[in-house]
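Beneath this line is the structure, given in structure tokens, with notes to follow.
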Amino acid sequence: MEIKLSSWNVNGLRAVLKKGFLESLSEINADIIGLQETKLQDDQIEDEMVNPVHYNHEVWSHSTVKKGYSGVVSYSKEIPLNMEEGIGIKKFDDEGRVVRLDFDDFILFNVYFPNGQMSDERLEYKLEFYEKFFDYTDKLKKDKSIIICGDYNTAHNEIDLKNPKANEKRSGFLPVERKWLDEIIKRGYVDTFRYFYPEEVKYSWWTYRFNARKNNAGWRIDYFFATRDLIENKRIKDAWILNDIYGSDHCPVGITMEV
């Protein structure tokens, strides 16, 4: 049986609900979907955000350090064996960036990786988050296959953004950030979209300025990375980016997987 897994940075769940979000969920038609940047607190979750469309199970993580900031949720049709938030490090977990769903033979993480543009301190925070998060998943992948979806906030190579030269000194395309994506691959994770489509130019985020989406001047910063065994055993059948779905400055990405 094949299932679809999707990821989407919605840039505010309340905002995207006013832009056809439920219809978009139906169109995506994923069995599991992870949303990032929900920008919600517990008491702001509305009825239509709970088990929307065809989903029966969900796990949330909210920022406790600032309102209207960060936050992730994963929705699933099937009940996971386990659902939890965070990686056990307070300064990262307090920003509501990680939720985990455990299934029979794989673990799915939905992650909103930090943005490093605000300051040198936030860039350091971002790089440390990469390190601590993948140290955490490296221990888990000894026993189960791992899939990590979300907004990584880094374009890996020049093919992954419209104007690489103009952005080479901007956080999101700095050598030190791109090196971390190299490191992820060295640790045994595969960029699923680039595996299936090594030469395809397709983006997942566009600034709201300069008619960027209309002109397709974007970045590919939303990924599904998976442990190599899922590729070698041909469990992952395809990867995709849904450029025709609007409502956010990001579009949904996903994979099709054999279970």
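Computed from the coordinates by the stated procedures, all read-outs in this text should not be read as laboratory data. It should be emphasised that the depicted structure is a prediction, and the values quoted were computed from it without experimental measurement. In this analysis, Cβ positions are derived from the backbone assuming ideal geometry, glycine residues included, and neighbour counts consider all displayed protein chains.
Please name whichever of Ile33, Val65, Tyr208 sits farthest to the positive end of the charge dipole of the stretch 2-258, dipole taken about the Cα centre and charges placed at Cβ: Lys and Arg +1, Asp and Glu -1.
About the Cα centre, the residue reaching furthest to the positive side is Tyr208.
Which of the GluC sites (Glu not before Pro) found in the stretch 1-76 are loop residues per DSSP with 12 or fewer other Cβ atoms within 10 Å of their Cβ? Mind showing how you got there, number by number?
Working: sites: Glu2, Glu23, Glu27, Glu37, Glu46, Glu48, Glu58; in loops: Glu37, Glu46.
Listed in order of number, the matching sites are Glu46.
Looking at the chain only, what percent of DSSP beta bridges run antiparallel? Nearest 5 please.
75 percent
What is the sum of charges around Glu121, taking Lys and Arg as +1, Asp and Glu as -1, for the other residues whose C-beta is under 13 Å from the C-beta of Glu121? Intermediate values should be presented prior to the final figure.
Numbers: positive: Lys91, Arg122, Lys126; negative: Asp120, Glu124, Glu128.
Around Glu121, the charge tally is 0.
Have a look at Val176, Ala166, Phe103 and report the one farthest towards the positive end of the charge dipole of the chain, computed about the Cα centre with Cβ charges (Lys/Arg +1, Asp/Glu -1).
After comparing all options, I get Ala166.
Round to the nearest 0.05 the FRET efficiency obtained for Glu46 and Met83 when R0 = 22 Å and r is the Cβ-Cβ distance. Each step should come with its number before you reach the end.
Working: r = 20 Å, r/R0 = 0.93.
Efficiency, rounded to the nearest 0.05: 0.60.
So what is the calculated 222 nm ellipticity per residue for the chain, using -39500 (n - 2.57) for each DSSP H run with n of 4 or more, over all residues, to the nearest 500 deg cm²/dmol?
Working: 7 runs with 60 residues, N = 259.
About -6500 deg cm²/dmol.
From the Cα gyration tensor of the stretch 57-117, with a ≥ b ≥ c the square roots of its eigenvalues, which class applies: rounded if a/c is under 1.5, or else prolate if a/b is larger than b/c, or else oblate?
Prolate, because a/c is 1.5 or more and a/b exceeds b/c.
Mean Kyte-Doolittle of at least 0.0 and a Cα length of 27 Å or more along the axis: which whole DSSP H helices of the chain meet both?
On the way: long enough: 120-140 (31 Å, -1.21).
Helix filter hits for the chain: none.
Could you give each residue of the stretch 86-99 its phi-based ³J(HN,Hα) in whole Hz, using Karplus coefficients 6.51, -1.76, 1.60 with θ = phi - 60°, and x for Gly or Pro?
x, 10, x, 10, 4, 5, 8, 5, 5, 8, x, 10, 9, 10
Ala217 to Asn233: extension gain in nm, 0.36 nm per residue of separation minus the Cα-Cα distance? List each step's numbers first, then the result.
Details: separation 16, 0.36 × 16 = 5.76 nm, distance 3.55 nm.
Full extension of this stretch gives 2.2 nm more.
Using DSSP to call loops (not H, G, I, E or B), can you name the trypsin sites (Lys or Arg not before Pro) in the stretch 26-67 whose Cβ has at most 12 other Cβ atoms within 10 angstrom?
Values: sites: Lys39, Lys66, Lys67; in loops: Lys39, Lys66, Lys67.
The qualifying sites are Lys66, Lys67.
Step through the residues of the stretch 102-110 one at a time and calculate ³J(HN,Hα) from phi using the Karplus curve (6.51 cos²θ - 1.76 cosθ + 1.60, θ = phi - 60°), rounding each to whole Hz and writing x for Gly and Pro.
Computed from phi, the couplings for the stretch 102-110 are 9, 10, 3, 10, 8, 10, 10, 9, 10 Hz.
About the Cα centre of the stretch 1-120, how large is the charge dipole given +1 on each Lys and Arg Cβ and -1 on each Asp and Glu Cβ? Please answer in debye to the nearest 20.
Value, rounded to 20: 520 debye.
If the chain between Lys144 and Tyr195 were fully stretched, how many nm would it gain, using 0.36 nm times the residue separation less the Cα-Cα distance? Kindly include the intermediate steps, with their values, before the conclusion.
On the way: separation 51, 0.36 × 51 = 18.36 nm, distance 2.09 nm.
Length gained, Lys144 through Tyr195: 16.3 nm.
In debye, nearest 20: dipole of the stretch 2-258 around its Cα centre with unit charges on the Cβ of K, R (+) and D, E (-)? Mind showing how you got there, number by number?
On the way: 37 positive and 45 negative charges, 182 e Å.
Using only the charged Cβ atoms, the result is roughly 880 debye.
Is there a pair in Lys186/Lys237; Lys169/Lys234; Lys19/Lys186; Lys142/Lys169; Lys19/Lys141 whose C-alpha atoms are over 31 Å apart, and which pairs would that be?
From the list (Lys186/Lys237; Lys169/Lys234; Lys19/Lys186; Lys142/Lys169; Lys19/Lys141), the Cα-Cα distance tops 31 Å for Lys169/Lys234; Lys19/Lys186; Lys142/Lys169; Lys19/Lys141.
In nanometres, what is the gap between the two model label sites at Glu2 and Lys132, each 7 Å from Cα along Cα-to-Cβ?
Each label point lies 7 Å from its Cα, and together they span 3.9 nm.
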